[in-house]
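Scroll down for the structure; my scribbles are underneath it.
The values are calculated or read from the model by the stated rules, or taken from the named source; none is laboratory data. Since the model is a prediction, treat every value here as computed from it, not as a measurement. Reconstructed Cβ throughout: ideal geometry from the backbone, glycine too, with neighbour counts over all protein chains shown. What goes into the accessible areas is simple: the full protein's heavy atoms, side chains included, and nothing from ligands, DNA or RNA. Shrake-Rupley method; radii C 1.70, N 1.55, O 1.52, S 1.80 Å.
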Amino acid sequence: MKTHARVVVIGGGVVGVSTLYHLAKKGWTDVVLLERAELTAGSTWHAAGLLPLFNMSYTVGQLHKYSVDLYKRLPDETGQDVSFHVTGNLRLATCRDRMDEYQKYCGTANTIGVPFQVIGPSQVRELWPLVELGDGAGTSKIIGALYHPDDGHIAPADLTMALRKGARARGAEIHEQTEVTAVRRTASGEWHLTTNQGDIVAEHVVCATGNYARQTGRLFGLNVPSIPVEHQYIVYDESPELKAYRQGGGRELAVLRESDQSYYLREERMGWILGPYEAGAPARFADGVPDWFGKSLFEGDLERLLPHIEAAQRRVPSLANCGIKDIVNGPIAYTPDGSPLIGPAWGARNLWLNEGHSFGITAAGGSGWQLAEWIVEGEPGIDMMAVDPRRYGPYTSKRYVVQKNEETYRNVFVIHYPDEERADARPAKTSPVYDKLKHLGAVFGQRYGWERANWFAPPGVDAKDRWSFRRSNYFEHVGNEARHLRRHVGMIDLTPFTKHEVTGAGAESWLDSLVANKVPTKIGRIALCHALTRRGGIRSEFTITKVADGHFYVVSSGAAERYDSDYLLEKLPQDGSVTLRNITMSRGCFVVAGPRSREVLAKLTDTPLDNAAFPWLTGQVAEVGLATDVYLLRVNFVGSLGWELHFPIEYAHHLFDALFAAGAEFDIRMAGMRAMESLRLEKSYRMWGSDLTPDYTPYEAGLDRFVRLGKGAFIGKEALERQLADGVPHRFITFEVHDVGDADPLGNEPLFDLKGNIIGRATAGYYGHALDKSLGLGYVKPEFAAAGGGLEIEILGERKRATVLIDSPYDPENKDLKA
Ligand SMILES: Cc1cc2nc3c(=O)[nH]c(=O)nc-3n(C[C@H](O)[C@H](O)[C@H](O)COP(=O)(O)OP(=O)(O)OC[C@H]3O[C@@H](n4cnc5c(N)ncnc54)[C@H](O)[C@@H]3O)c2cc1C
């Protein structure tokens with residue numbers, strides 16, 4: 001074994017080998033893979049080999065599509081067959097919500113170019129003659145299906161071997177029976193790995209250790225939120241009916257998924273493989289995989305499988321004539337949201353994760369592709385936030401991950417409503433006023449571990465969501481919250497905001513080098529600033545307030561705490577000129593907004609709040625009620641007159657009560673996250689993470705006024721200059737959708753010109769309650785971006801006419817804000 005390599009990949013499952021292959025393909029050939037046993041010895045050898053293209057995530061959808069395309073090319077490239085059976089994939093629907101889910105997915109599929117068909121029951125029968133369509137009595141009726149002609153199943157071990165061949169042909173080395181047992185940093189900042197076969201030093205390390213992710217993480221001092229769950233499938237003997245069908249010339253049947261009964265069924269040697277996602281499957285190895293496990297499997301648990309076997313027999317009656325040959329029950333890596341961890345580890349330079357894969361055969365190609373891109377180029381080629389390991393924070397305790405992973409596993413096949421909020425391991429992280437909000441009828445959701453009030457059920461209304469792809473039980477109440485704020489005064493608890501304090505003589509110039517806008521130079525000024533990728537895409541959004549000379553208060557999305565903190569820490573100058581403190585947990589935040597907000601606040605502070613003394617986009621340190629050191633910022637994300645109060649956390653209860661007491665005469669009321677979504681859309685305020693992502697530059701996002709090309713160097717500047725010279729390929733638009741019944745846009749819908757050509761995609765949508773319009777935000781080709789222009793959007797399978805509006809259709813001149 002070499003003693004030095006540019007990259008060492010730990011783990012020889014399909015994911016590790018794919019990472020190695022893609023690194024070598026990008027020209028980094030000084031790369032080594034270490035595997036403790038033999039290749040595929042982890043979960044890869046016993047996987048069922050299905051390659052489902054279906055995924056509700058825009059990012060994961062792109063990774064899966066890349067994989068499927070790659071796997072079709074690999075045999076020609078490497079000379080190794082991978083047994084890719086392109087059988088197609090049929091997902092049945094037996095209720096309207098399931099069809100809505102498929103239609104919603106079709107929007108994403110359309111925007112990333114995945115071929116699909118939505119078909120009716122008779123076409124299901126044509127494709128799958130052995131299926132029982134159901135009578136609605138004994139077996140629920142199939143009302144339609146989603147069909148992917150391009151996917152199917154593959155032999156996971158053959159796939160791994162093809163990737164191995166491709167990697168080796170380019171100079172990569174693979175060492176089996178080589179376990180990494182210890183790790184340390186060298187004085188020069190490289191990784192020194194100790195193995196049972198000797199030591200090796202590497203510039204970069206990639207962990208791709210599947211079920212071992214937690215113990216590998218511990219070697220590097222990381223708490224990796226991936227714990228496996230038991231997953232089983234049944235292998236059946238030959239089916240006489242299937243055999244007769246195939247011998248009669250029938251083609252291999254598509255992989256069948258009866259989502260409403262939570263199982264998949266595929267052909268295997270004239271018999272079947274039936275794989276359910278059962279309730280009650282336990283998490284395993286939370287403290288690490290024991291040495292004895294090796295290539296073993298767990299005992300099959302027939303009891304847990306029975307309801308799914310029965311359901312499958314109702315749908316495919318001939319299944320009852322087959323004997324069970326085997327039950328495969330193996331560990332499958334999971335994360336709390338079910339998506340993998342692909343990207344940089346936090347707090348450790350040149351350490352990368354490709355862990356937590358529950359659809360790892362499907363995702364291996366795409367994850368290796370983008371991770372190699374990230375390592376070699378310094379950033380990925382597509383928006384990877386949905387799989388970035390830093391989307392999790394320190395809140396992922398062992399029990400949290402166990403509970404969430406078990407919940408995610410049993411929910412694999414549930415209908416993924418856009419407003420779905422899962423119940424397990426909650427409440428965990430709460431704002432100090434959580435109980436007060438609950439008392440006011442709050443219906444909570446969870447983001448980055450935080451409980452956030454989504455809406456408030458008025459007295460007598462059930463404080464419970466009814467999830468839907470359409471307008472639901474809370475529509476009216478969210479509308480009341482939004483309208484009340486616009487007309488009177490409302491309060492929003494935004495305590496989860498990420499908050500950093502940046503101080504020191506070098507603070508201003510350092511921050512300025514990170515963002516496209518000019519960091520405020522005058523004390524009390526606030527600027528909206530975007531950190532860009534080197535390609536010019538939007539990486540982060542910061543609201544930066546200059547508190548004093550050499551003292552900045554930096555606020556960003558609550559979900560970006562580790563993502564932003566890690567970035568700022570990594571870029572921090574080493575000369576001591578700047579100090580960075582993450583003060584997320586020591587400050588709370590309430591928004592008080594609406595035409596009466598000034599009068600409410602004025603009762604609690606001596607700080608003058610008039611426009612001359614306290615103009616829009618400025619901040620002051622004030623006393624409010626009994627609270628001191630409150631950062632009063634005249635900004636907000638709803639676009640009405642208002643202030644954000646960022647206060648020392650110990651004043652949360654006092655300020656909440658004081659604001660409600662002071663606001664009583666103006667009928668102050670709480671507003672939740674859904675009202676905020678409605679309000680911000682009316683102002684065309686772009687949301688980091690959905691409207692603002694690395695896929696788009698500030699010019700594409702229409703944020704030109706927040707870019708100062710003349711100010712000196714900042715990350716992404718050259719790319720922006722190039723884009724200006726070459727032409728900006730997309731433009732951000734706000735649009736109104738006409739003749740909406742009960743389904744507003746939600747984001748990820750394709751946008752069409754009036755001739756039916758795709759011209760862009762929606763990134764967000766909702767109902768603008770104060771404007772009384774169904775609204776969407778998105779990106780289109782520049783020639784379609786002019787206000788007044790017509791376009792079409794596909795919402796749940798129906799084409800709707802839409803009109804491009806001026807930016808900020810509510811109060812375009814900001815009169816309310818500046819009142
Ligand atoms: C029953 C079952 C059916 C499945 N079916 C499908 C399917 O149909 N489609 C699909 O997409 N996915 C499926 N999966 C999931 C799929 O198997 C995994 O997502 C995938 O195999 C993960 O690959 P990996 O490379 O990340 O991990 P693994 O294959 O587990 O590989 C990790 C490797 O790291 C090695 N390792 C660990 N620690 C060290 C160390 N310190 N030093 C050196 N080496 C180390 C291990 O020995 C192991 O070989 C299934 C899983 C199960 C359990």
Task: Residues of the range 298-322 satisfying the condition of being farther than 19 Å from Ala279 by Cα, open to solvent by 50 Å² or more (accessible area, probe 1.4 Å) and in contact (Cβ under 8 Å) with a residue 24 or more places away in the chain - done: Arg314, Pro317, Asn321
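Collect the residues in the range 771-785 that are in a loop (DSSP other than H, G, I, E, B) and open to solvent by less than 40 Å² (accessible area, probe 1.4 Å), keeping them in residue-number order.
From the range 771-785, those in a loop (DSSP other than H, G, I, E, B) are 771-772, 781, 785; that's our starting set.
Within the range 771-785, Ala785 is the sole residue that qualifies.
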- [ ] Filter the range 449-483 down to residues that are out of contact with any helix residue (DSSP H, G or I) (no Cβ under 6 Å at 6 or more places or on another chain) and in a helix (DSSP H, G or I) and give me whichever is least open to solvent (accessible area, probe 1.4 Å).
- [x] Gly479
TODO: Would you tally the residues in the range 721-739 being crowded, with 21+ Cβ neighbours inside 10 Å and of a type in the set (A, V, I, L, M)?
DONE: 2
TODO: For the range 786-796, indicate whether the set of residues that are assigned to a loop (DSSP other than H, G, I, E, B), open to solvent by 60 Å² or more (accessible area, probe 1.4 Å) and closer than 22 Å to Cys106 by Cβ is non-empty.
DONE: no
Open item on the list: Of the conditions (1) within 27 Å of Glu267 (Cβ to Cβ); (2) more than 11 Å from the ligand (Cβ to nearest atom), Pro52 satisfies every one except a single condition; which number is it?
Closed with: (2)
Task: Residues of the range 490-514 satisfying the condition of being touching a helix residue (DSSP H, G or I) at 6+ places or on another chain (Cβ under 9 Å) and in a strand (DSSP E or B) - done: Gly490, Met491, Ile492, Asp493, Thr498, Lys499, His500, Val502
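Looking only at helices (runs of 4 or more DSSP H) that fall completely inside the range 42-145, which ones have 1 or more residues that are modelled with pLDDT of 95 or more, touching a strand residue (DSSP E or B) at 6+ places or on another chain (Cβ under 9 Å) and surrounded by fewer than 17 Cβ atoms within 10 Å (Cβ to Cβ)? Lay out the reasoning, then the answer.
Numbers: elements: 58-78, 96-112, 121-127.
Correct list: 121-127.
Can you pull out the strands (runs of 3 or more DSSP E) entirely within the range 546-595 that have at least 2 residues that are open to solvent by less than 20 Å² (accessible area, probe 1.4 Å) and in contact with a His (Cβ under 9 Å, 6 or more places away or on another chain)?
Hits in the range 546-595: 551-556, 587-593.
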Task: Residue satisfying all of: in the range 1-41; open to solvent by less than 10 Å² (accessible area, probe 1.4 Å), within 6 Å of the ligand (Cβ to nearest atom) and part of a helix (DSSP H, G or I); nearest to Leu371 (Cα to Cα) among these - done: Gly16
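Being closer than 26 Å to Pro331 by Cβ, surrounded by fewer than 22 Cβ atoms within 10 Å (Cβ to Cβ), among the polar types (S, T, N, Q) and near the ligand (Cβ under 8 Å from one of its atoms) is the requirement here; does Thr195 meet it?
Yes; evaluated as a whole, the condition is true for this residue.
Only one residue in Arg218, Arg214, Arg257 is modelled with pLDDT of 95 or more, within 16 Å of the ligand (Cβ to nearest atom) and within 18 Å of Glu310 (Cα to Cα). Which one? I'd like the intermediate steps shown before the answer.
Values: Arg218 fails: within 18 Å of Glu310 (Cα to Cα); Arg214 fails: within 18 Å of Glu310 (Cα to Cα).
Matching residue, one of Arg218, Arg214, Arg257: Arg257.
Where in the range 627-741 are there helices (runs of 4 or more DSSP H), lying fully within it, with 3 or more residues that are closer than 30 Å to Leu609 by Cβ?
Numbers: elements: 652-663, 673-682, 717-726.
By residue number, 652-663, 673-682.
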